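The values are calculated or read from the model by the stated rules, or taken from the named source; none is laboratory data. Please read all numbers here as calculations on a predicted model, not as lab measurements. FYI the Cβ positions are ideal-geometry reconstructions off the backbone, even for glycines, and counts take in every protein chain you see. Note: areas computed on protein heavy atoms with side chains; ligands, DNA, RNA excluded. Shrake-Rupley method; radii C 1.70, N 1.55, O 1.52, S 1.80 Å.
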Amino acid sequence: MKCNHHSDPQWCLPGTVTVTATNLCPPNSALPNDNGGWCNPPLQHFDMAQPAFQQIAIYRSGIVPIIFRRVPCMRKGGVRFTINGHSYFNLVLITNVGGAGDVEAVSIKGSNTGWQPMSRNWGQNWQSNSYLNGQSLSFQVSTSDGRTITSYNVAPANWQFSQTFEGQQF
């Protein structure tokens, strides 16, 4: 992304920066689409860390117009699955997703079950309300570009909550 110098030459710098967008800016319908409702549709808003922002604009500027395009996520290693929750509530955080990067669907399979769709809890936390303790776990992850990867037996039967396991990559 880069600051749109034509729209705001006073605050824009000539640089560009590649960022990873990690979650949604929640809309607030009680506010107008201006200096208070920045997350309201149809606006697109990025809240950037200061070091990244300072590569494209002068820090004092606050909010600046940007130009951006989506690029594939380049990741080292496989997709990571961090298992949290408890026996009847498996909360799996999915990170390090390459390619399109945005996960649209996840399924989980225990060594004694079939494939079960998971539901998005928040961000990239996906939940299952099945009892999967003592079973090795496999995952299917689908992204917005229509691609799906399957990581078989990523977590061994003796997995424990708060552990992270690595699977296939896009």
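With N denoting the number of residues in region 94-162, provide Rg(C-alpha) divided by 2.2 N^0.38 Å, to two decimal places.
1.09
In the chain, what is the volume of the convex hull around the alpha carbon atoms, normalised per residue and reported in Å³?
139 Å³
Please list, in order along region 90-100, the HN-Hα scalar couplings obtained from phi with the Karplus expression 6.51 cos²θ - 1.76 cosθ + 1.60 (θ = phi - 60°), rounded to whole Hz, x for Gly and Pro.
These are the phi-based 3J(HN,Hα) values: 8, 10, 10, 8, 10, 9, 6, 8, x, x, 4 Hz.
So what is the relative contact order for region 8-80, in percent, with contacts set as C-alpha pairs under 8 Å and at least six apart?
It rounds to 36 percent for region 8-80.
Could you give the radius of gyration (one decimal) and Dmax (whole number) of the Cα atoms in region 30-122, in Å?
Here Rg and the maximum Cα pair distance are 18.9, 57 Å.
State the percentage of accessible surface on region 90-170 attributable to carbon and sulfur atoms; use a 1.4 Å probe and exclude ligands, DNA and RNA. Kindly include the intermediate steps, with their values, before the conclusion.
Values: 1690 of 3850 Å².
Exposed carbon and sulfur together represent 44 percent of the surface.
What is the Rg over Rh value, at two decimals, for region 44-89, using alpha-carbon atoms and the Kirkwood definition of Rh?
1.19
Just want the answer: with Cβ charges of +1 for Lys and Arg and -1 for Asp and Glu, which residue in 154, 119, 5 is farthest toward the dipole's positive end in region 1-155?
Going by the Cα projections, it comes out as 154.
Taking 8 Å as the Cα distance limit and 6 or more residues as the minimum spacing, I'd like the relative contact order of region 56-170 as a percentage.
After rounding, I find 28 percent.
Please arrange 45, 6 by accessible surface area, largest first, computed with a 1.4 Å probe and ligands excluded. Walk me through the intermediate numbers first.
Numbers: 45 60, 6 175 Å².
Result of the area sort, largest leading: 6, 45.
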